Amino acid sequence: MVTRLDHLDEKAAYLGHRGHRMLELRERDGVFRSITQRQVDVELPRWAPGFIQPRNTITQTQLWRPPAYDGSRRYDAHVEISGLPVTVDGEGVLTGVHYTTTRYDIRLDVRSSMPVLGRRVERFVAAQFENAINGEHEFRMLWLGRRGQQHSAWGR
């Protein structure tokens, strides 16, 4: 799905992201590279409006490695958030469990360079990413369900 532009555009719309753009979407030497940029609105906690904007531009890079011997695929992720002193890096793995099930594991490391409020910023950003990941999962399930209905209708 991460290679399909229609899926990525629909996912951004479903999540309410604005200005979604694909900066890069290509495969070279077995490594698939995806770079997206979007504007995301967040509801700010009381302590944050002085230095966190309610709308931020997020640039996300994913580098997908070639499939492993068992068919699983790993990727590395790097996320930049405009105007916010945090770094977000991580990795994910997609593993087929059996014919109809896939396991998706993701680990993100959120770090802030702010001396006083750094931990609060890290927790806030991590919670935003957790919400986004859950929303992405909901969208994937709906998208796959629609695709399955189209294919079963084609088979009639």
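The values are calculated or read from the model by the stated rules, or taken from the named source; none is laboratory data. The structure displayed is predicted, hence computed values, not measured ones. Because the Cβ atoms are built from the backbone with ideal geometry, glycine has one as well, and the counts that use them run over all protein chains shown. Protein only, heavy atoms only, side chains kept; ligands, DNA and RNA dropped before computing areas. Shrake-Rupley method; radii C 1.70, N 1.55, O 1.52, S 1.80 Å.
For (1) farther than 23 Å from Y104 by Cα; (2) open to solvent by 80 Å² or more (accessible area, probe 1.4 Å), each residue gets a yes or a no:
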site	(1), (2)
M1	no, no
K11	no, no
L23	yes, yes
V40	yes, no
P54	yes, no
I58	no, no
D76	no, no
V79	no, no
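Which condition number does D70 fail, the rest of (1) open to solvent by 70 Å² or more (accessible area, probe 1.4 Å); (2) over 23 Å from S113 (Cα atoms); (3) at pLDDT 90 or above being met?
Unmet for D70, out of (1) open to solvent by 70 Å² or more (accessible area, probe 1.4 Å); (2) over 23 Å from S113 (Cα atoms); (3) at pLDDT 90 or above: (3).
Evaluate the following for H98: is it without any contact (Cβ under 8 Å) to a residue 60 or more places away in the chain and either of a type in the set (V, I, T) or surrounded by 13 or more Cβ atoms within 10 Å (Cβ to Cβ) (or both)?
So H98 does not fit the description; no.
Tell me which residues, restricted to region 114-143, are surrounded by 15 or more Cβ atoms within 10 Å (Cβ to Cβ) and farther than 18 Å from V88 by Cβ.
Within region 114-143, F139, R140, W143 meet the criteria.
With (1) surrounded by 11 or more Cβ atoms within 10 Å (Cβ to Cβ); (2) farther than 25 Å from M141 by Cβ as the list, and G90 as the residue in question, which single condition is left unmet?
Only one criterion is unmet by G90, namely (2).
Is it the case that region 10-21 has a residue that's at pLDDT 90 or above, closer than 20 Å to D76 by Cβ and among the hydroxyl-bearing types (S, T, Y)?
No, region 10-21 contains no residue that is at pLDDT 90 or above, closer than 20 Å to D76 by Cβ and among the hydroxyl-bearing types (S, T, Y).
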